[in-house]
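Any read-out appearing in this document is the output of simple, stated calculations on the displayed coordinates, not a laboratory observation. None of these values were measured; they are calculated from a predicted model. Cβ placement follows ideal geometry from the backbone for every residue including glycine, while neighbour counts extend to all protein chains displayed.
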């Protein structure tokens, strides 16, 4: 479990010892129940993450140490985020009761939303705006206590929501292996703007995606190609949109923010002059741009 950070807060926070949080347990109530590991090499996108932890909270002491009035409403909030896709979501919200000290938090996050490194952050927050002393928190959601747990999902599955559909029953080319749907609005929520459609009639890609947690050599090659193509498609989507700039401020859970994150991850060495050089390469020499993406995504690196 990661320790709390050392940032300076503009208000008083809960004293150490007022909140006692046990470690996260993965797959609770099953034969494989165990403390959440740092990595899950067997994970694939069809595997939902089920987690549980127990938290003991002295609510009255929390209010006192944070300089809050009695009866101030507090809540436990749990949120998750995945890197590098930047997808995120709220996993739990539990309002605290004065006569209850022990809480059990159960989470179930759909596997198709995950990938890369998933971070689960547990916070004790203000449940509503309150009137408080100048040195005390007063806005809903103010972070009074927090800790975090990260799990690396070792499978090679793609980093975005996935749907298996028969392309033969759609308007898509029947022999295509996949199609990445990208919404037109950069400010739209990423989870609603991005979806990878996998052709259910294409046995090679279906098998590779389903076995992403323990892929064969062929599966690794297929998934490496898929990942590289998805990154190229998304970067081209960004570069082709005049409204997209690295200096633009997008909300954290939007398509624009995801595209900025991918640009920083895969094209960092070209960003000294903003997007000008990358757009020039893409426009004047598309084959070179394709080769740059292959190198950045380490296409077929495991097959060398």
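I need the shape label for the stretch 250-304. Rule: rounded when a/c is under 1.5, else prolate if a/b > b/c, else oblate, with a, b, c from the alpha carbon gyration tensor.
Cα axes put the stretch 250-304 in the oblate bin.
Quick one: if you stick a label point 7 Å off each Cα along the C-beta vector at residue 283 and residue 39, how many nm between them?
Those two pseudo-labels are separated by 4.2 nm.
Before rounding to the nearest 500, sum -39500 (n - 2.57) across all DSSP H runs of length at least 4 in the chain and divide by the residue total; then give [θ] at 222 nm in deg cm²/dmol.
Using -39500 (n - 2.57) per qualifying helix, the result is -7500 deg cm²/dmol.
For Cα pairs less than 8 Å apart in space and 6+ apart in sequence, what is the mean separation divided by the residue count of the chain, i.e. the relative contact order in percent?
In percent, rounded to a whole number, it is 17.
Rounded, prolate or oblate: which fits the chain when a ≥ b ≥ c are the square roots of the eigenvalues of the alpha-carbon gyration tensor, with rounded for a/c under 1.5 and prolate only if a/b beats b/c?
Note, shape of the chain comes out prolate.
Taking other Cβ within 10 Å of each residue's Cβ, how do 185, 229 sort, fewest first?
Fewest to most other Cβ atoms nearby, the residues stand as 185, 229.
Provide 99, 27 in ascending order of the number of other Cβ atoms located within 10 Å of each residue's Cβ, fewest first.
99, 27
What distance in nm separates the simple spin-label points at residue 60 and residue 233, each placed 7 Å from Cα in the Cβ direction?
In this crude spin-label approximation the distance works out to 5.8 nm.
With r defined as the distance between the Cβ atoms of residue 168 and residue 210 and R0 fixed at 22 Å, what FRET efficiency is calculated, to the nearest 0.05?
Efficiency at R0 = 22 Å is approximately 0.70.
Arranged by the count of other C-beta atoms within 10 angstrom, fewest first, what order do 231, 209, 125 take?
Arranged by neighbour count, lowest to highest, 231, 209, 125 become 125, 231, 209.
Enter the Cα centre distance for the pair the stretch 244-293 and the stretch 179-211, rounded to the nearest angstrom.
So the separation of the two Cα centres works out to 21 Å.
What shape does the stretch 19-153 take by its C-alpha gyration tensor, where a ≥ b ≥ c are the square roots of the eigenvalues and a/c under 1.5 counts as rounded, a/b above b/c as prolate, and the rest as oblate?
Note, shape of the stretch 19-153 comes out prolate.
Mark the label point 7 Å from the Cα of residue 175 along Cα→Cβ and return the residues of the stretch 194-232 whose backbone N is within less than 17 Å of it.
The answer is 199-205, whose backbone nitrogens lie closer than 17 Å to the label point.
On a 0 to 90 degree scale, rounded to 10, what angle separates helix 255-266 from the longest Cα axis of the chain?
Once rounded, one gets 70 degrees.
Taking only Cα atoms, what is the 0 to 90° angle, nearest 10, from helix 286-296's long axis to the longest principal axis of the chain?
40
By how many degrees, between 0 and 90 and to the nearest 10, does the Cα long axis of helix 217-239 differ from the longest principal axis of the chain?
Orientation of helix 217-239: about 80 degrees from the principal axis.
Which distance in Å, rounded to a whole number, links the C-alpha centroids of the stretch 136-152 and the stretch 213-237?
Using only Cα atoms to place each centre, the spacing works out to 35 Å.
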